[in-house]
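Attaching a single structure in structure tokens format; questions to follow.
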Ligand code: PRX
């Protein structure tokens, strides 16, 4: 229940008083009123919001129909039955033609290197999207086809995703830091017929030959009898093609890319940065700019049902295999647009910057869909926080006069290590609102963010949500909900959280337990691609009638929600969820490994890191070479973010008599905590001493 008012004083923060002027929700009472309306009469609440968007045909059936209780039949959520729309039309055409925002900047693009920048207006973006949508149609892409996108943070990535949704195709974006194996696995799972990528890019001073990873992934797909029809390549790094595999021929030298989305060349870096040789397979590869040359910039949208799939985004699953989280058009549009507007108190002259990569859900919802649905101007950033030095974020904030800054706790902790100096070199005076996402923020980082970055003026929106939820679930609102450092505060409109105990009973008042949601909200995921049963099992089986988040949560006596972290076998590394089972299976593939168990270990910057215990097969010795090979193995299988920090030799693992590994004990060993709790179910206690004596030295 939402309290009537918030206590004053203590560790509670409000931000500057000016934030309340013209705020969409000016105070807590108003929040409570709107919140109650949203859950008592969702049809009226969301129906009013839906009127701000364009629907080709109106809703004919019920507004919301759902079943959360799998014991009563299939779990489903259906919104606005009968209505048809196109999300790209709502993001672009509606803003250009109805709202007259054609000349407004949609994105300021800031490249990896300072000085490498460009901008694109709503009109410009619409033209590019239409061109690429026509290209896809001409290539035979149809409504419902899946298109894989594996790209750096460049404008063409937004163009590609919106072109897909314009013609009713489903995008499946794979973060460009994932390995070829991960890309292949994702292409295969959803049978993507096309792949859109880029030649290469710089991440800091590291050159990434993206196309090489793509070629490996496509080779792996072919080995498993799957062939993508075309691989469309943006010339971003500016490299030239080289002959690829046996079946390829050398394509003629293509002209230098003419990109309307092209950044300005930076004289300083032009000479020091290398161009890559792009492996080229003429059977499937084709340059983006060549396809676009002749394409028309007018393209009739495909009108889709609200419940038609919009995109698939893979997220780690606790059983190891990533799950294709599927979102649908109407609900996702309403919810991302509304959360963006209220959580960031969006005003038309704001300059908004979300530092997330579009390869993650935060980038989908709050770089692309939410801001564009509101006609906002955003900064899109290709680089990293520490290149060329640790003041890059603050420099970019001053450069574009950013008002709203949304980043991850791991980035804040990383930059905090460099002290206040790099921050104070820039004024950051334009800032009004700060935000965080992805993991719990520790109070120390929160205070630094608030006092040093925000100069004690800017409220911090600690937004709790998930790939599965599509948008913010528990979050402050700038003028209405005072913040407690480390708490995501209260539920957003339409969200009904509950805390359950082990037996599934709802706990009232001050309590701690499993965080669940009792009712659907518009952007709840609708299924796991191709596996509805897995969707029901993961999210609805444990507590019938509830959506289970997999997170633990505490509610304090003021009604504030505090996310305490995952309670399943997931590890949150730098805001990215990894499944311990997935890492274990990557380790076990090494010839020397008999068994592996992976647990999370606290990390001062990443939040959590991976601590791995491996049992080697007889005849193999635990050497530094094996450790390096194992780390590389995980990098190659999953990607650099999954690289383990620690690998420990474990000739014996703690197991129950039925052979189940007791990870609870391994977590204690990793942390060097000798109080192991109840060990009565342990089959062989003698392994414990050896585990402690083999411990890795941790930070
Ligand atoms: O454990 C929670 C944590 O991140 C998980 C969701 O991860 P993912 O699907 O990758 O989406 C990340 C971006 C939305 C959650 O189950 N998490 C996310 N935001 C917070 C958080 N934990 C605490 N506080 C948050 N604000």
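Strands (runs of 3 or more DSSP E) wholly in region 177-246 with at least 1 residues that are touching a strand residue (DSSP E or B) at 6+ places or on another chain (Cβ under 9 Å) and within 19 Å of residue 111 (Cα to Cα) - which ones?
Values: elements: 194-198, 201-203, 206-208, 230-234, 240-243.
Here the list reads 194-198, 201-203, 206-208, 230-234.
Turning to a different aspect of this structure: For a quick check of your reading of the model, give me the residue pairs whose first member lies in region 438-458 and is over 20 Å from residue 606 (Cβ atoms), whose second is within 11 Å of the ligand (Cβ to nearest atom), with beta-carbon atoms closer than 7 Å and at least 6 apart or on different chains.
Within 7 Å, the pairs are 450/460.
Oh, and also: Residue by residue through region 399-425, note down the ones that are in contact with a helix residue (DSSP H, G or I) (Cβ under 6 Å, 6 or more places away or on another chain) and within 13 Å of the ligand (Cβ to nearest atom). Can you show your working first?
Our first condition is that a residue be in contact with a helix residue (DSSP H, G or I) (Cβ under 6 Å, 6 or more places away or on another chain); within region 399-425, this holds for 409, 412-413, 416, 420, 423.
Hits for region 399-425 are 409, 412.
Can residue 588 be described as closer than 24 Å to residue 323 by Cα and either surrounded by fewer than 21 Cβ atoms within 10 Å (Cβ to Cβ) or more than 21 Å from the chain's Cα centre (by Cα) (or both)? If you could, list the steps in order and put the result at the bottom.
Numbers: closer than 24 Å to residue 323 by Cα: yes; either surrounded by fewer than 21 Cβ atoms within 10 Å (Cβ to Cβ) or more than 21 Å from the chain's Cα centre (by Cα) (or both): yes.
Taking the combined requirement at face value, the residue satisfies it.
Now, a different point. Look at residue 609 and say whether it is modelled with pLDDT of 95 or more, crowded, with 20+ Cβ neighbours inside 10 Å, outside any loop (DSSP other than H, G, I, E, B) and under 19 Å from the mean Cα position of the chain (by Cα).
On the way: modelled with pLDDT of 95 or more: yes; crowded, with 20+ Cβ neighbours inside 10 Å: yes; outside any loop (DSSP other than H, G, I, E, B): yes; under 19 Å from the mean Cα position of the chain (by Cα): yes.
Criteria met by residue 609.
For region 329-365, how many residues meet the condition of being within 14 Å of the ligand (Cβ to nearest atom) and either under 16 Å from residue 460 (Cα atoms) or at pLDDT below 95 (or both)?
Summing the residues that are within 14 Å of the ligand (Cβ to nearest atom) and either under 16 Å from residue 460 (Cα atoms) or at pLDDT below 95 (or both) in region 329-365 gives 5.
I would also like to ask the following. Find the residue count for region 40-53, including only residues that are buried (at least 17 other Cβ atoms within 10 Å of the Cβ) and either in contact with a helix residue (DSSP H, G or I) (Cβ under 6 Å, 6 or more places away or on another chain) or within 14 Å of residue 337 (Cα to Cα) (or both).
Kept after step one, since they are buried (at least 17 other Cβ atoms within 10 Å of the Cβ), are these residues of region 40-53: 42, 45-46, 49-50, 53.
Keeping just the survivors that are either in contact with a helix residue (DSSP H, G or I) (Cβ under 6 Å, 6 or more places away or on another chain) or within 14 Å of residue 337 (Cα to Cα) (or both) gives 45-46, 49-50, 53.
Residues in region 40-53 being buried (at least 17 other Cβ atoms within 10 Å of the Cβ) and either in contact with a helix residue (DSSP H, G or I) (Cβ under 6 Å, 6 or more places away or on another chain) or within 14 Å of residue 337 (Cα to Cα) (or both): 5 in total.
Still on this structure: Mind listing just one residue for me: the one in region 556-585 that is away from the ligand (no atom under 11 Å from the Cβ) and surrounded by 21 or more Cβ atoms within 10 Å (Cβ to Cβ) and, of those, nearest to residue 437 (Cα to Cα)? Even if it seems obvious, please write down each step before you answer.
Step one: of region 556-585, the residues away from the ligand (no atom under 11 Å from the Cβ) are 556-560, 569, 579-585.
Next, only the ones that are surrounded by 21 or more Cβ atoms within 10 Å (Cβ to Cβ) stay: 560, 569, 579-580, 582-584.
Values: 560: 17, 569: 20, 579: 19, 580: 22, 582: 24, 583: 24, 584: 27 Å.
Going through the qualifying residues, I end up with 560.
Residues 652, 659, 619: which one is touching a strand residue (DSSP E or B) at 6+ places or on another chain (Cβ under 9 Å) and either assigned to a loop (DSSP other than H, G, I, E, B) or surrounded by fewer than 17 Cβ atoms within 10 Å (Cβ to Cβ) (or both)? Write out each step before concluding.
Values: 659 fails: touching a strand residue (DSSP E or B) at 6+ places or on another chain (Cβ under 9 Å); 619 fails: touching a strand residue (DSSP E or B) at 6+ places or on another chain (Cβ under 9 Å).
Matching residue, one of 652, 659, 619: 652.
Output yes when any residue across region 94-113 is surrounded by fewer than 16 Cβ atoms within 10 Å (Cβ to Cβ), in contact with a strand residue (DSSP E or B) (Cβ under 6 Å, 6 or more places away or on another chain), over 27 Å from residue 519 (Cβ atoms) and at pLDDT 95 or above, and no when none is.
yes
Let me ask something else. Just the residues that are in a helix (DSSP H, G or I) and crowded, with 18+ Cβ neighbours inside 10 Å, please, taken from region 67-93. So that I can check it myself, show each step before the final result.
Taking region 67-93 as the starting set, the residues that turn out to be in a helix (DSSP H, G or I) are 70-72, 87-93.
Correct list: 87, 88, 89, 90, 91, 92, 93.
When the residues of region 453-470 are narrowed to those that are part of a loop (DSSP other than H, G, I, E, B) and more than 9 Å from the ligand (Cβ to nearest atom), which ends up surrounded by the most Cβ atoms within 10 Å (Cβ to Cβ)? Give the steps one after another, and end with the answer.
Taking region 453-470 as the starting set, the residues that turn out to be part of a loop (DSSP other than H, G, I, E, B) are 454-459, 465-470.
Imposing the further condition that a residue be more than 9 Å from the ligand (Cβ to nearest atom) reduces the set to 454-459, 470.
On the way: 454: 21, 455: 14, 456: 12, 457: 18, 458: 24, 459: 25, 470: 28.
Applying the filter and picking the extreme gives 470.
Exactly one of these conditions fails for residue 394: (1) more than 16 Å from the ligand (Cβ to nearest atom); (2) assigned to a helix (DSSP H, G or I); (3) closer than 29 Å to residue 150 by Cβ. Give me its number.
Condition (3) is where residue 394 drops out.
If you don't mind, another one. Quickly run through region 586-599 and pick out the residues that are in contact (Cβ under 8 Å) with a residue 40 or more places away in the chain, within 16 Å of residue 637 (Cβ to Cβ) and either part of a strand (DSSP E or B) or near the ligand (Cβ under 9 Å from one of its atoms) (or both).
Start the filter on region 586-599 by keeping residues that are in contact (Cβ under 8 Å) with a residue 40 or more places away in the chain, which leaves 586-587, 589-590, 595, 597-599.
Next cut, within 16 Å of residue 637 (Cβ to Cβ) only: 586-587, 589-590, 598.
Hit for region 586-599 is 598, nothing else.
Next question, about the same structure. Please go through region 515-551 and give me each residue that is outside any loop (DSSP other than H, G, I, E, B), surrounded by fewer than 17 Cβ atoms within 10 Å (Cβ to Cβ), without any contact (Cβ under 8 Å) to a residue 60 or more places away in the chain and out of contact with any helix residue (DSSP H, G or I) (no Cβ under 9 Å at 6 or more places or on another chain), ordered by number.
If the condition is that a residue be outside any loop (DSSP other than H, G, I, E, B), surrounded by fewer than 17 Cβ atoms within 10 Å (Cβ to Cβ), without any contact (Cβ under 8 Å) to a residue 60 or more places away in the chain and out of contact with any helix residue (DSSP H, G or I) (no Cβ under 9 Å at 6 or more places or on another chain), then 533 is the only one that fits.
With the requirement that a residue be at pLDDT 95 or above and away from the ligand (no atom under 11 Å from the Cβ), what does region 310-328 give you?
Of everything in region 310-328, those that are at pLDDT 95 or above and away from the ligand (no atom under 11 Å from the Cβ) turn out to be 310, 311, 312, 324, 326, 327, 328.
Quickly run through region 635-647 and pick out the residues that are without any contact (Cβ under 8 Å) to a residue 60 or more places away in the chain and out of contact with any helix residue (DSSP H, G or I) (no Cβ under 8 Å at 6 or more places or on another chain).
645
Out of curiosity, is residue 125 touching a strand residue (DSSP E or B) at 6+ places or on another chain (Cβ under 7 Å), in contact (Cβ under 8 Å) with a residue 12 or more places away in the chain, surrounded by 24 or more Cβ atoms within 10 Å (Cβ to Cβ) and assigned to a helix (DSSP H, G or I)?
Numbers: touching a strand residue (DSSP E or B) at 6+ places or on another chain (Cβ under 7 Å): yes; in contact (Cβ under 8 Å) with a residue 12 or more places away in the chain: yes; surrounded by 24 or more Cβ atoms within 10 Å (Cβ to Cβ): yes; assigned to a helix (DSSP H, G or I): yes.
Yes.
For region 20-33, give me the residue count where each residue is closer than 21 Å to residue 490 by Cβ and more than 28 Å from the chain's Cα centre (by Cα).
Applying the first criterion (closer than 21 Å to residue 490 by Cβ) to region 20-33 yields 20, 23-33.
Subsequent filtering for residues that are more than 28 Å from the chain's Cα centre (by Cα) retains 20, 26-30, 32-33.
Number satisfying all stated conditions: 8.
OK, next. Just checking, which of 477, 507 is touching a strand residue (DSSP E or B) at 6+ places or on another chain (Cβ under 6 Å), away from the ligand (no atom under 13 Å from the Cβ) and closer than 15 Å to residue 561 by Cα? Spell out how you get there, then give the answer.
Numbers: 477 fails: touching a strand residue (DSSP E or B) at 6+ places or on another chain (Cβ under 6 Å).
507 is the lone residue from the list that is touching a strand residue (DSSP E or B) at 6+ places or on another chain (Cβ under 6 Å), away from the ligand (no atom under 13 Å from the Cβ) and closer than 15 Å to residue 561 by Cα.
Right, here's the next one. Tell me yes or no: at least one residue of region 426-441 is away from the ligand (no atom under 15 Å from the Cβ), more than 18 Å from residue 465 (Cβ to Cβ) and assigned to a helix (DSSP H, G or I).
No, region 426-441 contains no residue that is away from the ligand (no atom under 15 Å from the Cβ), more than 18 Å from residue 465 (Cβ to Cβ) and assigned to a helix (DSSP H, G or I).
Quick one: is residue 668 part of a helix (DSSP H, G or I) and closer than 23 Å to residue 317 by Cβ?
Numbers: part of a helix (DSSP H, G or I): yes; closer than 23 Å to residue 317 by Cβ: no.
The answer is no for residue 668.
The values are calculated or read from the model by the stated rules, or taken from the named source; none is laboratory data. Here the structure is a predicted model, which means the values were calculated and not measured. As a convention, Cβ positions derive from the backbone with ideal geometry for all residues, glycine included, and neighbour counts pool all protein chains shown.
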